[in-house]
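Take this structure first; my questions come after.
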Amino acid sequence: MLVLSAMAPPTPILADYHLAQRVALYMRQRFCFEAFPLSDNPAPEPLFDLPVDTAVGMNHMVSMLVAAYNNRSECPHWTSAILSTIHPTVQSGIDIIRLDEALAPMEPGSNLDQEARLVKNFPSSITGLVDKPAIILGEGGTIVLWYIPGAIARSTQVTSALDYYVTH
């Protein structure tokens, strides 16, 4: 645990760290509250001291994460009995551990022959286009990908881009 001297004012890094911790805790609590409504997760206390755009962006991202987590695939070959026994996700059927072993670390660019070989050796059971928030599972029910288009609010994207160009 970090203890600050009464003489030393907090540094901006420390202030940012504490803010990040508060935001992360709030988002985790909000996600649990919304994703698992029948559990005993209480609604988190709002963070009234945050700028409005930060609070809106944070709640928007949580909503997108909940939508991804709760997305049930519309695959016609899945019966309601199967859907009730698995996570509400898109099942990829890919053995992610073996796929990882087949990949070289930090490969630059693309190699169409290698991609074709990987698709042949590690076929996916996903049919069609995943076009809404979802989580993709590998073999064994492990989450291998969160697909969350639009999770970062447009205002946050624009602000971040402007900050980058102003400071560089």
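Given 20 °C and 1.002 mPa s, how large is the Stokes-Einstein diffusion coefficient of region 96-153 in µm²/s, with Rh as the Kirkwood radius over Cα pairs?
On the way: Rh = 13.6 Å.
D, rounded to a whole number, is 158 µm²/s.
Note the full-extension length gain between residue 47 and residue 129 as 0.36 nm times their separation in residues minus their Cα-Cα distance, in nm to one decimal.
Between residue 47 and residue 129, full extension yields an extra 25.8 nm.
Further question on the same structure: Can you tell me the length gained on complete extension of the stretch residue 56 to residue 152, counting 0.36 nm per residue apart and subtracting the Cα distance?
On the way: separation 96, 0.36 × 96 = 34.56 nm, distance 1.03 nm.
Computed gain between residue 56 and residue 152 is 33.5 nm.
Just so you know, all these numbers are worked out from the coordinates, no wet-lab data involved. The model shown is predicted, which means the values in this text are computed figures rather than measured ones.
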